[in-house]
1. Can you give me the number of residues within the stretch 80-102 that are surrounded by fewer than 17 Cβ atoms within 10 Å (Cβ to Cβ), farther than 22 Å from Gly35 by Cβ and more than 13 Å from the chain's Cα centre (by Cα)?
2. Taking Leu65, is it out of contact with any Phe, Trp or Tyr (no Cβ under 8 Å at 6 or more places or on another chain), buried (at least 17 other Cβ atoms within 10 Å of the Cβ) and either at pLDDT 95 or above or under 21 Å from Pro115 (Cβ atoms) (or both)?
3. Give the residue, chosen from Leu77, Leu36, Leu72, Leu40, that is at pLDDT 95 or above, farther than 20 Å from Leu106 by Cβ, within 16 Å of the chain's Cα centre (by Cα) and not polar (S, T, N, Q).
4. Please determine, by comparing only the residues of the stretch 1-46 that are in contact with a Phe, Trp or Tyr (Cβ under 7 Å, 6 or more places away or on another chain) and not hydroxyl-bearing (Ser, Thr, Tyr), which one is surrounded by the fewest Cβ atoms within 10 Å (Cβ to Cβ).
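The values are calculated or read from the model by the stated rules, or taken from the named source; none is laboratory data. Treat the numbers as computed from the prediction; the structure is a model and nothing was measured. In this analysis, Cβ positions are derived from the backbone assuming ideal geometry, glycine residues included, and neighbour counts consider all displayed protein chains.
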Amino acid sequence: RWAQIAADRAARFRRALIEVEPDVVPGLQALRAAGLRLGLLSDADCDEVSAWPDSPLSRCFDAALFSCHEGLRKPELAFYRRLCGRLGVEPQECLYVGDGRSDEHLGARALGMTPALMTGHLGRFWPERVALFAPRCDYQVASVAEVGELVAKLNHSTG
């Protein structure tokens, strides 16, 4: 019974990494084509990320850090600093986009990043979490395409 539960869990995580929503990869590729450096921070265990090398997402990020490999978790500032170091950017240059779990936006803001709440799945499945996490963020986006629009807006207002 436990072996089946573990196998089902592994299959679920693999499916989530392999069967990505159709707009996500092109959206991430467009952000990189625009010259942005993309990083991923994930509070994941090794079982959850075992399929990462096979995921189409793995080719969309300049750096991907997983808590199980790094020995750090969100919202530990060292986790965010390490990602900035791998990307070769300063925290103040970063737009941090996440769904709000693990108090991730609090860590991002504490380091000087601009926090944005990804509301896509969150709004569809847990709308009460949008209300909970939104006050921690400067912006909300519902899709990767909206991240691109927000970056363009932010660059225009500071340029």
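1. Qualifying residue count, the stretch 80-102: 1.
2. Taking the combined requirement at face value, the residue does not satisfy it.
3. On inspection, the qualifying residue turns out to be Leu36.
4. Leu38
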